[in-house]
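Notes follow the structure.
Every number here is computed from the coordinates shown, using simple stated rules; none is lab data. From a predicted model like this one, the values you see are computed outputs, not experimental measurements. When we count neighbours, we look across all protein chains shown, and the Cβ atoms used for this are built from the backbone with ideal geometry, even at glycine.
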Amino acid sequence: MQNFTRYAGQVSSQMLIFIAIIACLALGLIGLLLPIIPGLLFLGIAAVLLAPYVPALGDWMRRSPVMRRYMDDAEKLASLPAIDRIKAGLWLSLRMLVDSARLLFDFIGARMTDLRSRSAEQHDAGEANRTW
């Protein structure tokens, strides 16, 4: 009886993971079309959840230092009880959201700095070309 309970728990947790993957994929695809939903975040979560089941995806994701850190954290979740796994998974998702926002702001800041320097160079070039 104890083996059956353990097997049923494994099947139900795999089913929950499968449902979470499908939900994240759906939200990610919708998010690519609607700017309100962070589509790439949900696609990233789906990829992290799917990586243990698709070795090629896991290997590809581990090439990135950032994704490797998420993958390592996700693997540590397997040893936790179900409720703690859910809590830790939500914290991991929140960290992914914060990291995504930080990368976006860094990217925007770099572009703004680049635009300002180009504008200053053009302004200086215009001043030099003026003849009074």
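Please give, to one decimal in nm, the separation of the simple spin-label points placed at PHE105 and ASP72, each 7 Å out from Cα toward the Cβ.
Distance between the two pseudo-spin positions: 2.5 nm.
Any idea how far apart ARG95 and VAL54 come out in nm if each label point goes 7 Å out from Cα toward Cβ?
2.3
Using R₀ = 22 Å, calculate the FRET efficiency as 1/(1 + (r/R₀)^6) where r is the Cβ-Cβ separation of SER64 and LEU40; round to 0.05.
Once the sixth-power term is evaluated, E becomes 0.95.
How would LEU25, LEU80 line up from fewest to most surrounding beta-carbon atoms within 10 angstrom? Show your work: numbers first, answer last.
Working: LEU25 17, LEU80 13.
Result, fewest neighbours first: LEU80, LEU25.
Give me the extension gain from ILE22 to SER117: residue separation times 0.36 nm, minus the current Cα-Cα distance, reported in nm with one decimal.
29.7 nm
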